[in-house]
Amino acid sequence: MLKAGLTGGIGSGKSEVSRRLAAKGAVVIDADKIAREVVEPGTPGLARVVAAFGQEILHPDGTLNREKLGAIVFADPDRLATLNAIVHPLVGERVAALQHRAADDAIVVYDVPLLAENKLAPMYDVVIVVDAADDLRIRRLAEHRGMPEADARARIAAQATREDRLAVADIVVPNDGSLEELAARVEDTWQELRRRAGRG
């Protein structure tokens, strides 16, 4: 089994690369998606979060109000640590279960937004970084997500720098051109992963 960590700053196109690798046969494990799943209504994870933070972090329909919870935890490191202590082990269990279900010779791609920030590179056999210039990422966030420029700049500033991300990369996927160019780069990346997995 080859374990690849896939990362890229907000607006880099990491999700698009992840989707395309999945289409080629990679087993993609999306950390953000799992973090949402473990606090869905009816889960032990959500029950523990409500026990720690109170009913006011729920929407009227019983789903988690992420904005309200975010406002609480990002203003208080201790509360953030409390939330992480609940959610991270649940995510870890789900990731381990998904990994266990993958075939022995699978190419498993872990979609991890904060790979560089959390110094997770050593956990993977290979690290793939989707890279694009900050100005291009800001433009994409405005066009595709309707994000104001100031918010986009703040989000980018809160993440690792391009240099920090590129420093941990084994494979860089530049995403500054057309979708056709990206498709060719993803194909090259897939062939490189197959080669490293002994399937080339």
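Some observations on this one:
- Overall, region 134-177 carries a charge dipole of about 160 debye about its Cα centre when +1 sits on the Cβ of Lys and Arg and -1 on the Cβ of Asp and Glu, all other atoms neutral.
- Carbon-plus-sulfur accessible fraction, the chain (probe radius 1.4 Å, protein heavy atoms only): 52%.
- Projected-area average for the chain over all orientations - Cα convex hull basis, square nanometres: 12.1
- Region 53-103, dipole about Cα centre (Lys/Arg Cβ +1, Asp/Glu Cβ -1), debye to the nearest 20: 240
- Once the 1.4 Å probe is applied to the protein heavy atoms, the chain comes out at 54 Å² accessible per residue.
- Figure note: HIS88, HIS100 ranked by solvent-accessible area, largest first, 1.4 Å probe, ligands and nucleic acids not counted: HIS100, HIS88.
- The listed residues ARG194, ARG94, once ranked by accessible area (1.4 Å probe) with the largest placed first, stand as ARG94, ARG194.
- Given charges at Cβ of Lys, Arg, Asp, Glu: region 46-200 dipole, positive-most of ALA197, ASN84, PRO122: ASN84
- Lysine pair count for the chain (Cα-Cα distance under 16 Å; residues 8 or more apart in sequence or on different chains): 4.
- Degrees, to the nearest 10: 179-196 long Cα axis against longest axis of the chain: 80
- Here the chain is treated with +1 on each Lys and Arg Cβ and -1 on each Asp and Glu Cβ, and its dipole about the Cα centre works out to around 320 debye.
- Fraction of beta bridges assigned by DSSP in the chain that are antiparallel (%, nearest 5): 5
- Normalised by the number of residues in the chain, the average gap of Cα pairs under 8 Å and 6 or more apart makes the relative contact order 36 percent.
- Measure of compaction for region 13-76 (Cα Rg per 2.2 N^0.38 Å): 1.42
- Calculated [θ] (222 nm, deg cm²/dmol) that DSSP helices of n ≥ 4 give over the chain, each run adding -39,500 (n - 2.57): -16500 deg cm²/dmol
- Between 0 and 90°, nearest 10: helix 77-101 axis offset from the chain longest Cα axis: 50
- Most positive-pole-ward Cα, LEU182, ILE72, VAL28, against dipole of the chain from beta carbon charges: VAL28
- For LYS68, the accessible surface of its heavy atoms amounts to roughly 90 Å² (probe 1.4 Å, protein chains only, rounded to the nearest 10).
The values are calculated or read from the model by the stated rules, or taken from the named source; none is laboratory data. Here the structure is a predicted model, which means the values were calculated and not measured. Glycine gets a Cβ as well: all are built from the backbone with ideal geometry, and neighbour counts include every protein chain shown. Ligands, DNA and RNA are excluded from the accessible area calculation, which covers all protein heavy atoms including side chains. Shrake-Rupley method; radii C 1.70, N 1.55, O 1.52, S 1.80 Å.
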